[in-house]
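Presented below is the structure to which this report refers.
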Amino acid sequence: MASLFHTVLYQPLFNLFIGLYNVLPGHDLGLVILAVTILTRILLYPLTAASIKAQKGLQDLQPKLDAIRKEFKDDKQKQAQATMELYKNNKINPLTSCLPMLVQLPLLLALFWVMQDGLASKDVAKNLYSFVGNPGTLNIMSFGFLNLAIPNIALALLSGGAQYVQAKMMSRKSPPKEAGAGAKDEDMAAMMNKQMLYVMPVMTVLIGLKLPAGLSLYWFFSTLLMILQQWYVFRKSQTPMTNDQVGESTKS
């Protein structure tokens, strides 16, 4: 399994990383990391878009799911049937929200090790294809001032900030006060989501303070592109209201 992972994922990505380093102007690793991040996001776009749509759909259905649980709290079979019917009517598959992430995980792990080895100039010649030139030791200074081989506090904070913005876009809002006692469960779920909203960015910062700046830079670029992708998917999924819907909303 390790040999397959190395041959199918790690080695091609490592050669792409070194190949870009050879051809990009100034042999700047920061530009290489940006290019690799963009290419990876383009490659994974269908999977991540499907996952974002599914997560957003499940988020929008949460009030109805809570209502089903309350209505059939003593009948698990009817609760399951009503839940599946709700998913079917709204064309949502819950598995779509997690399966794409499982598929992406091996690629993301390979990218992590590629960048870690690349920053350390580790086994460069050993892992190169015959048609990719060996640059020798890679220049770890990026943009003329940033040492990518050591931790960087500013990049760790930027990565955490970007992680917060991404999580904020997907977070559930607390139910309105007018909803009354029936909104108690939704309010509890919103509080849990709010806790996760802060936990993940803090973890990102703490991990970033221990990792080479090049990996934090990759995480920052990747999260920024994910934010743009979420914004695009959300905007694309919004359907304009019909004249009848406009009339009904005006009456209410």
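The values are calculated or read from the model by the stated rules, or taken from the named source; none is laboratory data. All values derive from a computational prediction rather than experimental measurement. Don't worry about glycine lacking a Cβ; one is built from the backbone with ideal geometry, like all the others, and counts go over all protein chains shown. Heavy atoms of the whole protein, side chains included, go into the accessibility calculation; ligands, DNA and RNA do not. Shrake-Rupley method; radii C 1.70, N 1.55, O 1.52, S 1.80 Å.
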Residue check for Ser249: farther than 26 Å from Val165 by Cα and either at pLDDT 90 or above or part of a helix (DSSP H, G or I) (or both): yes
For residues that are free of Cβ contacts under 8 Å to residues at least 24 places away in the same chain and more than 25 Å from the chain's Cα centre (by Cα), scanning just the stretch 16-43, find the one that is nearest to Phe221 (Cα to Cα). Leu24
In the stretch 50-82, how many are open to solvent by less than 100 Å² (accessible area, probe 1.4 Å) and charged (D, E, K, R)? 5
Within 26 Å of the chain's Cα centre (by Cα) and part of a helix (DSSP H, G or I): does that describe Leu13? yes
Within the stretch 17-26, identify whether any single residue is in contact with a Gly (Cβ under 8 Å, 6 or more places away or on another chain) and modelled with pLDDT under 85, and answer yes or no. no
Restricting the stretch 116-165 to residues that are β-branched (Val, Ile, Thr) and part of a loop (DSSP other than H, G, I, E, B), the one nearest to Lys210 (Cα to Cα) turns out to be Ile150
Can you confirm whether the stretch 189-211 contains a residue that is assigned to a helix (DSSP H, G or I), modelled with pLDDT under 50 and over 30 Å from Trp113 (Cα atoms)? yes
